[in-house]
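Below is one structure, written out as structure tokens; comments come after it.
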Amino acid sequence: MKITTATLLRSTGIAAMVAGLTFAAIQPIHPPDFLSSVTTIGWAIIMPVKTVMCLLFLVGLTGIYAQQAEEVGWLGLIGYLLFSLSWAINLAFIFAEAYILPVVATAAPQFVDSFLGIVNGIPGEMNVGALAAIYGFSGFAGYMIGGLLFGIALYRAGSLPRGASALLAITATLTPLAALLPHETQRLVGMPVGVAVAWLGYALWAERRGVVSDYMPSMGNPHLDPLAE
């Protein structure tokens, strides 16, 4: 099959759908972010899945932005870059959680406990340098501000469902309120963001599918059609 712009955009829509649904589905079953979880089977399964999920987020968000780059303007570009940056930083942290922490959990439990303290909010005994500041920047400027700006720009553009755009903007902004909840329920706040991205991805996939369907009949070669005059 010939690779076209429409085909590539449809593929990014699928990536956004898979990433968003995975993000939403993982939250209720995510292992606790504590040292005791690092060597469990659940951790060994969930963390690699999350690593792939972050990559799919980066692909999917790129397609969502590219579909209406002119319409969303500078606000959309800034929102897209910040929101994507949050997933890029998360990719680095989650990769470490998946493939580094389990290996050193026995030899350096204090380091693992301090690393996870960045996520669970309970400071460990070791100084992990700038990691906490980077993670905090990712959550505030990337996830919250980026998600808000990107959602607003998508809503104003109107090329994709405004309901999904509004859901992304609102839920990304309300994320800091999760700090008021018990740690075991904080992750549930992120589920609507996953639903919003999946919704946008589905709309992108469905829209580009229509474009491809409309375009394909015109690609036939009349010289190869025995019924053509």
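What follows draws every value from the coordinates through simple rules; no lab data is involved. Predicted, not measured: the structure shown is a model, and the values here were computed from it. Please note: Cβ atoms are built from the backbone with ideal geometry, for glycine as well, and neighbour counts cover all protein chains shown.
For the range 5-214, with only Lys/Arg (+1) and Asp/Glu (-1) charged at the beta-carbon, what is the dipole magnitude about the Cα centre, in debye rounded to 20? Display every interim value, and only then the final one.
Working: 7 positive and 9 negative charges, 85 e Å.
Charge dipole, the range 5-214, about its Cα centre: 400 debye, nearest 20.
Among ILE64, ILE100, ILE145, a tally of other beta-carbon atoms within 10 Å of each Cβ gives an order, fewest to most, of ILE100, ILE145, ILE64. The mean sequence distance of close C-alpha pairs (under 8 Å, at least 6 residues apart), as a share of the length of the chain, puts its relative contact order at 32 percent.
Within a 10 angstrom radius of the beta carbon, how do THR175, THR106 rank from fewest other beta carbons to most? Write out the running numbers ahead of the final one.
Numbers: THR175 19, THR106 10.
Least to most surrounded, the residues fall as THR106, THR175.
With respect to the chain, whose longest principal axis is taken over its alpha-carbon atoms, helix 5-26 is tilted by about 30°.
When a/c is below 1.5 the answer is rounded, else prolate if a/b is larger than b/c, else oblate, so apply that to the range 16-98 with a ≥ b ≥ c taken from the square roots of the Cα gyration tensor eigenvalues.
Values: a/c = 3.26, a/b = 2.43, b/c = 1.34.
Note, shape of the range 16-98 comes out prolate.
Once Rh for the chain is found with the Kirkwood sum over Cα pairs, what is the Stokes-Einstein diffusion coefficient at 20 °C and 1.002 mPa s, in µm²/s?
Numbers: Rh = 19.0 Å.
D = 113 µm²/s.
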